[in-house]
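Accompanying notes for the structure given below.
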Amino acid sequence: MASNGSSRPRRRGSVFGGRDIAVDLGTANTIVFVRGRGIVLNEPSVVAVDSMTGNSLAVGLEAKRMIGRTPGNITAISPLKDGVIADFDICEKMLRHFINEVSQTRWPKPRMVICVPSGITGVEQRAVQEAAEYAGARRAYIIEEPMAAAIGAGLPVQSAQGSMIVDIGGGTTEVAVISLGGIVTARSARIGGNMIDASISAHVKKEHGLVVGERTAEEIKLALGSAWPLQQEIYAEVRGRDMVSGLPESVSVDSQEIREAIAGPVSAIVDSVKATLDDTAPELAADVMDYGITLAGGGAMLRGLPDRLRSETGVAVHIAEDPLFAVVRGSGQTLEEFDVLHGVLYSSTEGR
Ligand code: ADP
Ligand code: MG
């Protein structure tokens, strides 16, 4: 269906026959790990659809490039936008497309672990498993996002010690305290990178009369976004369309105004962490105090977020190594250590 971008570690002609695979079906990015090979695919969770015919035209990177550039009859759909499956048919097509991209043979069939946002319903989980089986899985397992992130971040999920993980993705922020292989306290909020981007577009429009698309708003976030004052505030030129004249225009925007513009969603993320700490039993909360909070997901890389969380909770904050890959690494680890970790998976045929 889609051709491929060059920026991801794809290995052409890879054969996963018998090699188990793990998929992080994220609201912003889908990442595929093949056991014995590592991460083989990392693409935006986006599908471009022809709204006249309903046909999907491109998936992933190629579809994301079309955002804001497409003619009227092509729409770019993020099927998991807010951590729920907005369009199941499209989601299934996207999952099958990515799995087919990394597979060359369907024999012997692999086991698959798929990590889904915890907001999706049981029926949707079952449907994701079916899609995976249809795409060639011998057996498909579902893993909850905070559990996968915690394993990928190297937290001792099986021990009695309480560990807190905060996974900040495009559509959702998931906060959980894990102990003895299970999620003890959890909270999933529909706040994430997308909402931060939307606050940036709204600010640039209101204060500078400049209209910018989603992609530009995200670029501004990466260049200037922060959750805590920077040692040296920075600025950037931003290009967009002048609201009044309709012509291309560029304005100078600085990190301090962007920090204020995104204060709403950033505070909501912080509040979600504080509320989860409040809900946590005293012994486990004491462990979190001792060992700190671990951040994963792309949102973990927002400048100054650890400082902000530390100042508001009084707890030390760490960022997982390669936070964008924590979930897929954790999901993959359940395959590598299946005997030890299978208890955290939901199987397609037996429930837990
Ligand atoms: P998901 O699991 O929902 O697919 P990811 O964990 O892949 O999400 O994170 C994607 C989000 O992280 C996007 O909103 C992206 O803009 C954001 N992001 C990526 N890098 C950074 C960064 N350096 N600073 C702030 N946000 C970032
Ligand atoms: Mg994620």
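Residue-normalised convex hull volume from the C-alpha trace of the stretch 99-172: 126 Å³ per residue. A simple spin-label model places the labels of Phe88 and Met289 4.6 nm from each other, with each point 7 Å out along Cα-to-Cβ.
Once you keep just the Cα pairs under 8 angstrom separated by 6 or more residues, what percentage relative contact order results for the chain? Don't skip to the answer; put the middle values down first.
Details: 768 pairs, mean separation 63.6, N = 352.
This gives 18 percent for the chain.
For Asp20, Asp254, Asp322, give the ranking by accessible area with the largest first, probe 1.4 Å. Write out the running numbers ahead of the final one.
Working: Asp20 5, Asp254 60, Asp322 85 Å².
Putting Asp20, Asp254, Asp322 in descending order of accessible area: Asp322, Asp254, Asp20.
When the chain is treated as a GNM with alpha-carbon contacts under 10 Å, the residue of Ile120, Ile142, Ile77 showing the greatest mean-square fluctuation is Ile120. Take Met52: with every protein chain present and a 1.4 Å probe, its accessible area is about 150 Å². Solvent exposure of the chain, expressed per residue, is 43 Å² of accessible area, with all protein chains present and a 1.4 angstrom probe. So which residue, out of Pro79, Pro44, Pro282, gets the largest mean-square fluctuation from a GNM of the chain using Cα contacts under 10 Å as springs? Largest GNM mean-square fluctuation: Pro282.
Using a 1.4 Å probe over the heavy atoms of the protein chains, calculate the carbon and sulfur portion of the accessible area of the chain as a whole percent.
49
Of Lys205, Lys221, the order by accessible heavy-atom surface (1.4 Å probe, DNA, RNA and ligands excluded), from most exposed downward, is Lys205, Lys221. Distance from the C-alpha centroid of the stretch 123-182 to that of the stretch 38-66: 24 Å, rounded to the whole angstrom. Classification of the stretch 19-140 by its C-alpha gyration tensor yields a prolate form. The axis ratio a/c (a ≥ b ≥ c) is 1.5 or more, and a/b outweighs b/c. About its Cα centre, the dipole of the stretch 60-138 is roughly 280 debye, where the only charges are +1 on Lys and Arg Cβ and -1 on Asp and Glu Cβ.
Taking square-rooted eigenvalues a ≥ b ≥ c of the alpha carbon gyration tensor, is the stretch 257-335 rounded, prolate or oblate, where a/c under 1.5 means rounded and, failing that, a/b exceeding b/c means prolate? Cα axes put the stretch 257-335 in the oblate bin. Only Cα sites of the stretch 194-240 enter the Debye sum here, all with the same form factor; the resulting log10 I(q)/I(0) across q = 0.15, 0.16, 0.21, 0.22 1/Å is -0.36, -0.41, -0.69, -0.75, listed in q order.
Subtracting the Cα-Cα distance of Glu260 and Val184 from their residue separation scaled by 0.36 nm leaves 24.0 nm. The spread of Cα positions in the stretch 141-286, taken along each principal axis and listed from longest to shortest, comes to 61, 36, 22 Å.
Enter the per residue convex hull volume of the chain, computed from alpha-carbon coordinates, in Å³ rounded to the nearest integer. Show your work: numbers first, answer last.
Numbers: hull volume 46.6 nm³, N = 352.
So the per-residue hull volume is 133 Å³.
Checking the cross-link filter: which lysines have an alpha carbon closer than 25 Å to that of Lys221, excluding same-chain neighbours under 8 positions apart? Candidates past the 8-residue exclusion: Lys64, Lys81, Lys205, Lys206, Lys274.
The values are calculated or read from the model by the stated rules, or taken from the named source; none is laboratory data. Keep in mind it's a predicted model, so treat the numbers as computed, not measured. Cβ: placed from backbone, ideal geometry, glycine included. Neighbour counts: every protein chain shown. Surface accessibility is based on the protein's heavy atoms, side chains included, excluding ligands, DNA and RNA. Shrake-Rupley method; radii C 1.70, N 1.55, O 1.52, S 1.80 Å.
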